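Enquirer: My structure is below; once you've seen it, I'll send some questions.
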Amino acid sequence: MDKFVIKGGRRLTGEVTISGAKNAAVALLPAVILCDEPCILENVPSISDVNICLRILKEMGAEVTSLGKDSYRIDPTNIDKCCVPYETARKMRASYYFLGSLLGKFNKARVSMPGGCPLGDRPIDQHLKAFSALGAEYTLSQGMIDLRAEKLTGNQIFFDVVSVGATMNAILAAVKAQGLTVIENAAKEPHIVDLANFLNSMGANIMGAGTDVIKIRGVEHLHGTSYSVIPDQIEAGTFMIVAAATKGDVLVKNVIPKHLESITKKLEKIGVNIEQFDDSIRVWVDGPLVKTSVKTTPHPGFPTDMQPQIATLLTLAEGTSIVTEGVWEQRFRYVDELRRMGADISVDGKVAVIEGTGKLMGAPVKACDLRAGAALIIAGLAASGITEIEDIFHVERGYDCMEGKLRALGADIEKVSFPDADAESESSARKTAI
Ligand code: EPU
């Protein structure tokens, strides 16, 4: 098992380069299945969720060739399996994108119910609604979802809730369906636009991505393409908060400033200085941080995937801040760990009240999900003393070389391996029982 050991209290300065977006890459990789020729994908982040996607593609028969650190050539033409087994799918929420892409290509798919971060109830009813509208039938048994269609035909799809995953899956399934598909109440996140741009670069006909109505006219063939994944909006936002929480001065490079607007506006309200350039943002603090209120909503609102990080920053600000989670049922599980570090936060349902104490103290803590892990790293960097963060595999699902990038900014952070005490005591208990 690995943990991060952070000696906090250092002011971080310098430059950091943001990697490709996790939530785009995990949809673009399955989308390659739809292509009738090999594709090249660049700016792919080195994270465990991407490794799982690549493993699934290889297990299905795709030929995956690494072209250096961030680029892959993927040839899907020999794919001969339409199944993603439990062992791989359970490790990653985004395995559900193989449903849409396999259905769109082969008119059938068998994929295990997805895993991923524990954020409360995570239904996929809207995904299934989209597949049904296009003519597929589904069965759920033994933890597997089976989809089958005689043929896929374009249709009207109205989503009851705004869902990133369901919007992406509807696009994947409709891109080769016969006729016109109209998706209404679609999600508008940057990664939806990226998926549409990627498919359009193969010859798809997708219009309106980034608005709440997306129109897709089905095409028969998709040709090979070379495409670069957009920069990660959430990794960029996380490093902006790293700079703010350590009262540092950081140039965050390889970003699309437009994607960061809601984060930038909130940080300015808190007293953080921001200067925007074409593809970078400078973030620095030279005065006090002050309270604010934040409510997470789908794009272009403040992203839920930045909620734990900004809540952590607000523990360091003067005054009482209110953070309301507007997307997930349970995204305050990290608060108990922040309290161990001296934060004064009370949670009632989807609302957290944060009494800014201006300081945090190092403590041993555990990451309970990906963004909670990022928040604890921010807390550890800002805290006095030593913070040890366990269960960092959550962080490695979605952040490309987090500790290396932080060290380059002057952080004192180490990844340390340690024996899994629970597993050891279980094994010795078993031996004793024998
Ligand atoms: N929902 C339904 N039915 C559905 C689908 C979603 O009721 O069929 C509800 C969910 O329960 C939730 C809301 O709709 O309350 C939004 O869920 P959405 O489908 O948008 O989330 P997702 O596609 O499962 C993606 C990201 C999450 C991010 C959310 C919201 C990926 C792989 N995951 O999840 O990212 O929080 O969109 O922006 O793209 C993360 O990166 O840390 C992360 C959790």
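Here, each number is a calculation from the coordinates, and none is a lab measurement. All values reported here derive from a predicted model rather than from experimental measurement. Positions of Cβ are generated from backbone atoms using ideal geometry, with glycine treated the same way; all protein chains shown enter the neighbour counts.
Enquirer: Computed over the Cα atoms of the chain, what is the ratio Rg over Rh, Rh following Kirkwood? Intermediate values should be presented prior to the final figure.
Expert: Numbers: Rg = 22.0 Å, Rh = 22.4 Å.
That ratio equals 0.98.
Enquirer: If you don't mind, there's one more thing I want to ask. Compute the helix-to-body angle for 164-174: its Cα long axis versus the longest principal axis of the chain, expressed 0 to 90° and rounded to tens.
Expert: Taking Cα atoms only, the helix is inclined about 20 degrees.
Enquirer: Taking the chain as the reference, fit the longest principal axis to its C-alpha atoms, fit the long axis of helix 22-31 to the helix C-alpha atoms, and give the angle between the two in degrees, 0 to 90, nearest 10.
Expert: On a 0 to 90 degree scale, this one is about 10.
Enquirer: Ordered by packing density, taken as the mean number of other Cβ atoms within 10 Å over each peptide's residues, highest first, how do 100-109, 167-176 rank?
Expert: Working: 100-109: 24.2, 167-176: 28.5.
Highest-to-lowest ranking by the protection proxy: 167-176, 100-109.
Enquirer: Also, I was wondering about something else. Beyond a 32 Å Cα-Cα separation, which of these cross-linked pairs lie in this structure: LYS3/LYS258; LYS69/LYS350; LYS22/LYS247?
Expert: On the way: LYS3/LYS258 34 Å; LYS69/LYS350 40 Å; LYS22/LYS247 27 Å.
Going by Cα-Cα distance, LYS3/LYS258; LYS69/LYS350 fall outside the 32 Å limit.
Enquirer: Once label points are set 7 Å from the Cα along Cα→Cβ at both THR139 and ILE386, what is their separation, rounded to one decimal in nm?
Expert: Each label point is offset 7 Å from its Cα along the Cβ direction, giving 5.7 nm.
Enquirer: May I pose another question? Mind checking which of ALA166, SER95, ASN43 is farthest towards the positive end of the range 22-219's charge dipole, using Cβ charges of +1 (Lys, Arg) and -1 (Asp, Glu) about the Cα centre?
Expert: SER95
Enquirer: In debye, nearest 20: dipole of the chain around its Cα centre with unit charges on the Cβ of K, R (+) and D, E (-)?
Expert: That gives a dipole near 180 debye.
Enquirer: Enter the Cα centre distance for the pair the range 190-232 and the range 1-61, rounded to the nearest angstrom.
Expert: So the separation of the two Cα centres works out to 19 Å.
Enquirer: When a/c is below 1.5 the answer is rounded, else prolate if a/b is larger than b/c, else oblate, so apply that to the range 22-219 with a ≥ b ≥ c taken from the square roots of the Cα gyration tensor eigenvalues.
Expert: It comes out rounded by the Cα gyration axes.
Enquirer: A further question follows. Arranged by the count of other C-beta atoms within 10 angstrom, fewest first, what order do ILE322, ILE216, ILE74 take?
Expert: Sorted ascending by nearby Cβ count, the order is ILE322, ILE74, ILE216.
Enquirer: If a/c stays under 1.5 just call it rounded; otherwise compare a/b with b/c (prolate if a/b is bigger, oblate if not). Do that for the range 153-210, with a ≥ b ≥ c from the square roots of the Cα gyration tensor eigenvalues.
Expert: On the way: a/c = 2.02, a/b = 1.10, b/c = 1.84.
Here the range 153-210 falls in the oblate category.
Enquirer: Cβ neighbours within 10 Å, averaged per peptide: list 228-238, 77-87, 11-21, 310-320 in order, most packed at the top.
Expert: Working: 228-238: 25.0, 77-87: 15.1, 11-21: 19.8, 310-320: 23.4.
The packing order, highest mean first, is 228-238, 310-320, 11-21, 77-87.
Enquirer: Students often check this: by mean Cβ neighbours within 10 Å, which of 360-372, 283-295 ranks highest, and how do the rest follow?
Expert: Details: 360-372: 22.4, 283-295: 16.9.
So the order, starting with the most tightly packed, is 360-372, 283-295.
Enquirer: Turning to a different aspect of this structure: How tilted is helix 233-245 with respect to the longest principal axis of the chain? Cα atoms for both, answer in degrees (0 to 90, nearest 10).
Expert: That works out to roughly 0 degrees.
Enquirer: Also, I was wondering about something else. Just going by the charge dipole of the range 212-306, with Lys and Arg at +1 and Asp and Glu at -1 on Cβ, which of VAL294, ALA243, ILE256 is farthest out on the positive end?
Expert: It is VAL294.
Enquirer: Shape call for the range 277-392 from the C-alpha gyration tensor, a ≥ b ≥ c root eigenvalues: rounded (a/c under 1.5), prolate (a/b greater than b/c) or oblate?
Expert: Numbers: a/c = 1.27, a/b = 1.10, b/c = 1.16.
It comes out rounded by the Cα gyration axes.
Enquirer: Please give, to one decimal in nm, the separation of the simple spin-label points placed at MET207 and ILE322, each 7 Å out from Cα toward the Cβ.
Expert: With each label placed 7 Å out from Cα toward Cβ, I get 4.3 nm.
Enquirer: Turning to a different aspect of this structure: Stretched out fully, how many nm does the piece from LYS108 to ARG90 gain, at 0.36 nm a residue minus the Cα gap? Intermediate results must be reported in sequence, preceding the final value.
Expert: Values: separation 18, 0.36 × 18 = 6.48 nm, distance 1.99 nm.
Gain on extension, LYS108 to ARG90, equals 4.5 nm.
Enquirer: Between LYS258 and ARG333, what is the label-to-label distance in nm when each label sits 7 Å out along the Cα-to-Cβ direction?
Expert: Going by the 7 Å Cα→Cβ label model, 3.6 nm.
Enquirer: Taking the Cα centre of the range 1-142 as the origin, how large is its charge dipole in debye, to the nearest 20, when only Lys and Arg (+1) and Asp and Glu (-1) carry charge on their Cβ atoms? Show your work: numbers first, answer last.
Expert: Numbers: 18 positive and 15 negative charges, 131 e Å.
Charge dipole of the range 1-142: 640 debye, to the nearest 20.
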